[in-house]
Amino acid sequence: MKQILKLLLVSLVALLSVGCSSTKPQMSTLEVRSMQTKEYENTSDLVVYKALINALLDREFILKSSDSNAGVVLANYTTTKLNGTEVLTKALATYLTFGLNWIFGDNNMDDSLSIDVSANVTQLQGITKVRINAIAKRMNSEGEILESEMIVAPEYYQDIFEQIEKSVFLEQNLD
């Protein structure tokens, strides 16, 4: 009976670690840049720069570094989420070890979900461009990166650009 349970546990862990394969098509570099970039006409780079910072702060990002002269902003957003796979694995291990895993094991089952954003604001011939790059990471309770992937959802960037536009509008019309 114990052999069957151990075999079941090993099979379950192997299946969960393989996961689902992704079939989404790869985007070209030009498509990614186009999605990550927005142009603002007749708006100074400083106004757009401040609007970018406000948009990130509104989304609960923490600024890590910024330089208005270079037009660069680095920010991070981190939250925690219960890791269902880890809960299941630890529950089975606790059952199979008659509770010893729970007593002596690491019982932190939360993963940190983090988004690192780097953004650049440049002005050329009266047009201010903003390019935002966002990388999503999932880390375990020890801080090891389990997954890291560029965010390639157009709606993610569009939401930030809409917040920037609102902030630019307010800045230009409240003076």
Filtering the stretch 135-155 for residues that are farther than 15 Å from GLU31 by Cα, modelled with pLDDT of 90 or more and surrounded by 15 or more Cβ atoms within 10 Å (Cβ to Cβ) leaves a count of 2
Output for the stretch 50-71, where each listed residue is surrounded by 15 or more Cβ atoms within 10 Å (Cβ to Cβ), at negative phi and in contact with a strand residue (DSSP E or B) (Cβ under 8 Å, 6 or more places away or on another chain) | LEU52, ILE53, LEU56, PHE61, SER66
Report yes if some residue within the stretch 19-26 is basic (Lys, Arg), at pLDDT below 95, surrounded by fewer than 16 Cβ atoms within 10 Å (Cβ to Cβ) and touching a helix residue (DSSP H, G or I) at 6+ places or on another chain (Cβ under 9 Å); otherwise report no.
-> no
Considering only residues that are in a strand (DSSP E or B) and charged (D, E, K, R), look in the stretch 123-175 and name the one that is farthest from the chain's Cα centre (by Cα).
-> LYS129
Limited to the stretch 127-175, what total is found for residues that are closer than 17 Å to SER34 by Cα, of a type in the set (Lys, Arg) and out of contact with any Asp or Glu (no Cβ under 9 Å at 6 or more places or on another chain)?
-> 1
How many residues, within the stretch 36-47, are buried (at least 19 other Cβ atoms within 10 Å of the Cβ) and either assigned to a loop (DSSP other than H, G, I, E, B) or at pLDDT 95 or above (or both)?
-> 3
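The values are calculated or read from the model by the stated rules, or taken from the named source; none is laboratory data. Keep in mind that what you see is a predicted model, and the values were worked out from it rather than measured. Neighbour counts are summed over all protein chains in view; Cβ atoms, including those assigned to glycine, are modelled from backbone coordinates with ideal geometry.
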